[in-house]
Amino acid sequence: MNRPPVRVVIADDHTLLRQALADLLGMESDFTVVALAGDGLSAVEAARTHQPDVLLLDVEMPRSEAADTVRKVAAVARDTRVIILTMHTDARLMQSLSRLGISGYLHKGVDRQALTGAIRAAAVDDQTVHVSLPRQAPPAPGPAVPGTGTVRLTDRELQVLRLVARAMSNRQIAHELALSEGTVKRHLRNTFAKLGAVSRLDAVNKAVAAALLSPPAR
């Protein structure tokens, strides 16, 4: 039986970008854009009214900060997954929003496949933070990962983490690597423990900082 379309609200204060996203998603047969919003309060009201599966939320909009908007959406639309759209790659901002339960943190330079993949994955998986960031120069050495010199990930753990950085869900990773979801979760638990990470997003950031992983591509 076919799944019903993923219902999406797009919130961005740039009219052209907002409409461009709506047009792009409208070309996908399994998406329905149910509302557009140009500021934080309108985004919350759209979530309340339409109860979408996914809210695409610009991180910088008038009439509400992103964290406040995420909290308000969680209060009025408990089943709505929030994917942040941003021009920022600030790890602290990503971590603070991930603690509020966002389902994705995507740079506005991501390609169509990364965007639509993250939306589809968020609609069916409420435990994963999907991250897609632009390629950057390797970060300067620093204290991001305590004991970085002693961190060692197995080849399989690195394979799994690379797919996490591509915003793939546990189910997608399991299919890609011909593993069970339980095995994928075990590799992630081991990776989190080795990196001292508290989330998928944190694990990717720390692996990049430790030069164990290249920054996610566009």
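So ASP202 fits all but one of (1) outside any loop (DSSP other than H, G, I, E, B); (2) charged (D, E, K, R); (3) at pLDDT below 80; (4) surrounded by fewer than 17 Cβ atoms within 10 Å (Cβ to Cβ); what number is the exception?
Here ASP202 meets the rest and fails (4).
Return the residues of the range 176-186 that are assigned to a loop (DSSP other than H, G, I, E, B) and of a type in the set (A, V, I, L, M, F, W, C); say none if nothing qualifies.
Filtering the range 176-186 for residues assigned to a loop (DSSP other than H, G, I, E, B) gives 178-180.
Passing the criteria: ALA178, LEU179.
Can you tell me which residue is surrounded by the fewest Cβ atoms within 10 Å (Cβ to Cβ) among those in the range 65-85 that are part of a helix (DSSP H, G or I) and aliphatic (A, V, I, L, M)? Show your work before the answer.
Filtering the range 65-85 down to residues part of a helix (DSSP H, G or I) leaves 66-76.
Remaining after also requiring aliphatic (A, V, I, L, M): 66-67, 70, 73-76.
Working: ALA66: 24, ALA67: 15, VAL70: 25, VAL73: 27, ALA74: 16, ALA75: 11, VAL76: 13.
Residue satisfying both the conditions and the ranking: ALA75.
How many residues does the range 110-132 contain that are in contact (Cβ under 8 Å) with a residue 60 or more places away in the chain and among the polar types (S, T, N, Q)?
Number of matching residues: 3.
Would you point out the residue of the range 1-21, among those that are part of a helix (DSSP H, G or I) and not basic (Lys, Arg), that is nearest to ILE119 (Cα to Cα)? Steps first, please.
Let us first name the residues in the range 1-21 that are part of a helix (DSSP H, G or I), namely 15-21.
Pick out the ones that are also not basic (Lys, Arg) and you get 15-17, 19-21.
Working: THR15: 21, LEU16: 20, LEU17: 17, GLN19: 17, ALA20: 16, LEU21: 12 Å.
So the residue we want is LEU21.
Just one of LEU56, LEU24 is touching a residue at least 40 places away in the same chain (Cβ under 8 Å), in a strand (DSSP E or B) and in the same structural domain as ALA114 (by TED's automatic domain parsing); which is it? Before you say what the answer is, go through the steps one by one.
Numbers: LEU24 fails: in a strand (DSSP E or B).
One residue alone meets the criteria, LEU56.
Can you tell me which condition ILE173 does not meet? The list is (1) part of a helix (DSSP H, G or I); (2) within 22 Å of ALA91 (Cβ to Cβ); (3) in contact with an Asp or Glu (Cβ under 9 Å, 6 or more places away or on another chain), and all the others hold.
With (1) part of a helix (DSSP H, G or I); (2) within 22 Å of ALA91 (Cβ to Cβ); (3) in contact with an Asp or Glu (Cβ under 9 Å, 6 or more places away or on another chain) applied to ILE173, the lone miss is (2).
Just to check your reading of the model, which residue among ASP53, ASP79, ASP68 is over 20 Å from GLN127 (Cα atoms) and among the acidic types (Asp, Glu)? Break it down into steps so the answer makes sense when it comes.
Values: ASP53 fails: over 20 Å from GLN127 (Cα atoms); ASP79 fails: over 20 Å from GLN127 (Cα atoms).
Matching residue, one of ASP53, ASP79, ASP68: ASP68.
Of LEU106, LEU36, LEU115, LEU97, which residue is at pLDDT 85 or above, within 19 Å of the chain's Cα centre (by Cα) and part of a strand (DSSP E or B)?
On the way: LEU36 fails: within 19 Å of the chain's Cα centre (by Cα); LEU115 fails: part of a strand (DSSP E or B); LEU97 fails: part of a strand (DSSP E or B).
Matching residue, one of LEU106, LEU36, LEU115, LEU97: LEU106.
Could you grab me the full set of residues in the range 43-64 that are at pLDDT 95 or above and surrounded by fewer than 21 Cβ atoms within 10 Å (Cβ to Cβ)?
Across the range 43-64, the qualifying residues are GLU45, ARG48, THR49, HIS50, GLN51.
Conditions: (1) more than 21 Å from LEU97 (Cβ to Cβ); (2) crowded, with 21+ Cβ neighbours inside 10 Å; (3) of a type outside the set (Asp, Glu). GLY40 meets all but one. Number of the miss?
(1)
Here is a list of conditions, (1) surrounded by fewer than 23 Cβ atoms within 10 Å (Cβ to Cβ); (2) under 16 Å from HIS130 (Cβ atoms); (3) more than 16 Å from the chain's Cα centre (by Cα), and VAL184 meets all of them except one; can you say which number that is?
(1)
So ARG92 clears everything in (1) within 15 Å of the chain's Cα centre (by Cα); (2) surrounded by 15 or more Cβ atoms within 10 Å (Cβ to Cβ); (3) basic (Lys, Arg) except one condition, right? Which one?
Result: ARG92 fails condition (2) only.
Mind checking which residues of the range 187-199 are outside any helix (DSSP H, G or I) and surrounded by 15 or more Cβ atoms within 10 Å (Cβ to Cβ)? It would help to see each step written out before you state the result.
Keep residues of the range 187-199 that are outside any helix (DSSP H, G or I), which gives 196-199.
Correct list: ALA197, SER199.
The values are calculated or read from the model by the stated rules, or taken from the named source; none is laboratory data. Since the structure is predicted, the reported quantities are computational estimates derived from the model, not experimental observations. No Cβ is skipped: glycine too gets one built from the backbone with ideal geometry, and neighbour counts run over all protein chains shown.
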